[in-house]
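Where a number appears in this text, it was derived from the coordinates with a stated rule and is not lab data. Every value quoted in this text rests on a predicted model; they were computed, and no experiment measured them. Reconstructed Cβ throughout: ideal geometry from the backbone, glycine too, with neighbour counts over all protein chains shown.
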Amino acid sequence: MLIILPPSETKAHGGNSAPLDWDALSFPELNPVRREIAAELAALDVDEALKVLKISEKLRGEAESNRVLESSPTMPALERFTGVLYDALKAPSLDADAREFLAVGDALFGLVRADDLIPHYRLSGGTKLGGRTLKSRWGSAISDELRALAREQLIIDMRSGTYQQLGKLKEAATVRVESVQEDGSRKVVSHFNKHYKGELARVLALQGESVSSLEDAAHIAQEAGMNTELRGSELVLVI
């Protein structure tokens, strides 16, 4: 099993590891596109970057990070990404075995494993660089990597729609979070969606060797106190 997590706009700053080593990253076949995107990001004047990234002057430091992304310190991807999902995942407390079952689908790096060392940067999946969408830049590269993985293991895709568009995998299982309304109807959870996905990712990663099917994933989540349903290739968390 491999769980593909979404990235986050917010990222931890700093790091204790050496600058980015492209050749040390997982999925080296993605490096040509990674390098192309990184070079264009780093070449953007900060004022221009604010417009391209659609961020305010208050986030000027985010744009400045892109100019030095190849020389700044790095840290494991699972610690670099922050926010609601990663808070619920409690990534720093996961042992090496659990982290093997986690990866992140990202705009700049495409796909990285939990312990790949990456720098601080700013780029979202919907950004256009040089007038081109990231979807067009990535082409089939991410999908090809995921498809190869899916031949050998279950892929649970927790990415949001924007990041799924960068590299679709129709064979992947997905996760949906629903709440039960007073009249018994269901409503998709939006605000806490990432929180529950983070909790689920943690539970599954800790039992990763026992998960070879979506049925296994649903059973393990149930044992952890989560209410789950299966709808084809979709695991539904009922809140």
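Considering the chain as a Gaussian network with a 10 Å cut-off on Cα pairs, which listed residue, His120, His219, His191, attains the greatest mean-square fluctuation?
His191
Please list 3J(HN,Hα) in residue order for segment 138-143, calculated via the Karplus relation 6.51 cos²θ - 1.76 cosθ + 1.60 where θ = phi - 60°; whole Hz, with x for glycine and proline.
Coupling constants for segment 138-143: 6, x, 9, 4, 5, 4 Hz.
Note down the net charge around Glu215, summing +1 for each Lys or Arg and -1 for each Asp or Glu among other residues with Cβ under 15 Å from its Cβ.
On the way: positive: Arg231; negative: Asp216, Glu223, Glu229, Glu234.
Here the charged neighbours net out to -3.
Over the Cα atoms of segment 197-239, each weighted equally, I'd like the Debye log10 I(q)/I(0) at q = 0.23, 0.24, 0.25, 0.30 Å⁻¹, rounded to two decimals.
Rounded to two decimals, the profile gives -0.71, -0.78, -0.84, -1.20.
Can you tell me the Rg and Dmax of segment 36-175, counting just the alpha carbons, in angstroms?
Here Rg and the maximum Cα pair distance are 15.6, 46 Å.
Could you point to the label whose value was computed as Cα extents along the principal axes in Å for the structure here, given [x] 48, 36, 35; [y] 52, 39, 33; [z] 59, 42, 39?
Among [x] 48, 36, 35; [y] 52, 39, 33; [z] 59, 42, 39, the one calculated here is [y].
Does anyone have the angle between helix 214-223 and the longest principal axis of the chain? Alpha-carbon axes, 0 to 90°, nearest 10?
Approximately 70 degrees, to the nearest 10.
Cα to Cα, under 19 Å, and not fewer than 8 places away if on the same chain: which lysines meet these conditions relative to Lys135?
Lys135 reaches Lys54, Lys168, Lys170.
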